[in-house]
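Single-structure report; data block below.
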Amino acid sequence: MKAIRVLPTTLAALGLLVSVLAVTPCATATAAAAPPALTLDKSVLLMRHGLRSPNQTPEQLAKSASRPWPAWPVGPGLLTARGESLLRSLGGWYRLHYADAGLLPASGCPASGAITNWADNAAARIPLSGQAVLDGLAPGCDLKVAFAPQTAPDPLFNPVGAGTCPIKAGLALKAVSKAAGGDLDAASAKVRPALRQLQALLRVRSVAGCADGASSCGLDGVANLLGESPDGPKLEGGIARAATISENFLLAYADGRPEDEIAWGEATTPEALFELAPPRNLFLALTRKPPYLAARHMTSLGRAVLAELDGSVDNGKAARLVLFMGRDQHLAGMSGLLGIDWTLPGQPDDAAPGTTLAFERLRDARGQAYVRLKLWYQTLVQMRGDVKHDRATPPGELLLHVPGCAAQEIDGACPLPVLRARLDAAFAPECPIRTP
């Protein structure tokens, strides 16, 4: 487009015209009314547990690489000291943020029932993560994490495993196939550059499970298979292996491990790790985000979130801040329910440890409820540096928008009835309502 040059005399004329319009009654008659002010009165947080060690021992991982895997200071799948520290820092930030917003007191212990919580019981790291966040939110206030006995799956977080919301195998497999574009290997091709880079680090070839009957193959040539399990479709093969390996590298970097323990010293920067992460995100997109699977895995928890936003479970306690501590699959499943995808600037893992989806309820002067969706997360650099969050160094923040609500938004918040209608349409009607 050709640039237009504005001469000084023209600028003077424009200034005069603006002055005339400013005092002409008809020019201001159509001025748009300011949107009504909204006041925050509650927030419901859905959070992934904190930084953990790999779920496998070095011995269990040995066959996947030509070089030994490093040992960790804690056992497989456990919350690390760095993970606990980062969660306390996030908890302190949430206290600061919500005190600034008038939701919580700036100091001292919140009123009884003002902060409530419930953690998944699937692994010890999840309730421990919830406790770390509470310790950061209200230090010295003796808030205790709540969770179901660890003798059976919690139907709120794991309704499929608990048998309260069963999955039909045929429909589940069809849902994954559709999400993959009809062909798992075609989906794998989209992340082939990452698969090849991971293969160059692993330096070992497979002699079984190769695509097209090949006698040996690298990670980028391992076939992708979809089987059945009590928890739904089970994805095995190249994508699943790469998802585990790439996440292990991310965990080592974030935990502050020495550089020679991160991908054997060959991928030790955030930029390098970003290039390796796509299979990890693809795995969650295929196994948790498809609408059919998201509905079965997330209807109970989604209804619990809505009940909190509606105020139907306050039980007279007037909870101001509600924490649901879960896993990466819960964030991915909620993404599927809402129909919202995201990427996190500075963080290659879309559901990184500590990532939090906030449902912030606000009200206008008439008492009408709105919900603003936010993602809070820690960047890779913040995690490796064990950053202590304050106003000068906040965690990453991302505002999300409810699809179909743009025309009704006020300050990024969607009317609660619109959000409720979207979720109700996505829920599985046969799955029962569950609350902690």
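Bear in mind that the values in this text are calculations on the coordinates, not laboratory data. Note that the structure is a prediction, hence the values are computed from the model and not measured. Neighbour counts are summed over all protein chains in view; Cβ atoms, including those assigned to glycine, are modelled from backbone coordinates with ideal geometry.
Straight-line cross-link partners of K289 among the aspartates and glutamates, defined as a Cα under 13 Å from its Cα and at least 8 positions apart when in the same chain: D328, D341, D350.
Quick one: putting +1 on the C-beta of Lys and Arg, -1 on the C-beta of Asp and Glu, what dipole do you get for region 99-192 around its Cα centre, in Debye to the nearest 20?
Working: 7 positive and 7 negative charges, 97 e Å.
The dipole of region 99-192 has a size of about 460 debye.
In terms of other Cβ atoms within 10 Å, F157, F324, F147 run from fewest to most in the order F147, F324, F157. For the pair region 89-126 / region 243-270, the C-alpha centres are spaced 31 Å from each other. Panel order for D386, D260, by other beta carbons found within 10 Å of each beta carbon, from fewest to most: D260, D386.
Ranking of W69, W118 by neighbouring Cβ atoms within 10 Å, starting from the fewest: W69, W118.
Which FRET efficiency value, to the nearest 0.05, do you get for R366 and E275 by plugging their Cβ-Cβ distance into 1/(1 + (r/R0)^6) with R0 = 56 Å? Show your work: numbers first, answer last.
On the way: r = 50 Å, r/R0 = 0.90.
That gives a FRET efficiency of 0.65.
Here the calculated FRET efficiency for S216 and E266, from their Cβ-Cβ distance with R0 = 30 Å, stands at 0.85, rounded to the nearest 0.05. Of the residues T356, T379, T39, the one that moves most in a GNM of the chain with alpha-carbon contacts below 10 Å is T39. Spin-label pair E409-A101: with each label point 7 Å from Cα along the Cα-Cβ axis, the two points sit 1.6 nm from one another. Among P159, P417, P127, which one shows the highest mean-square fluctuation when the chain is modelled as a Gaussian network with alpha-carbon springs under 10 Å? Of the options given, P417 has the highest mean-square fluctuation. Rounded to the nearest 20 debye, the dipole magnitude of region 39-426 is 480 debye, with +1 charges on Lys and Arg beta carbons, -1 on Asp and Glu beta carbons, and the Cα centre as origin. Modelled spin labels at R192 and A111, positioned 7 Å past Cα toward Cβ, are 6.1 nm from each other.
A simple spin-label model places the labels of A124 and S66 3.7 nm from each other, with each point 7 Å out along Cα-to-Cβ.
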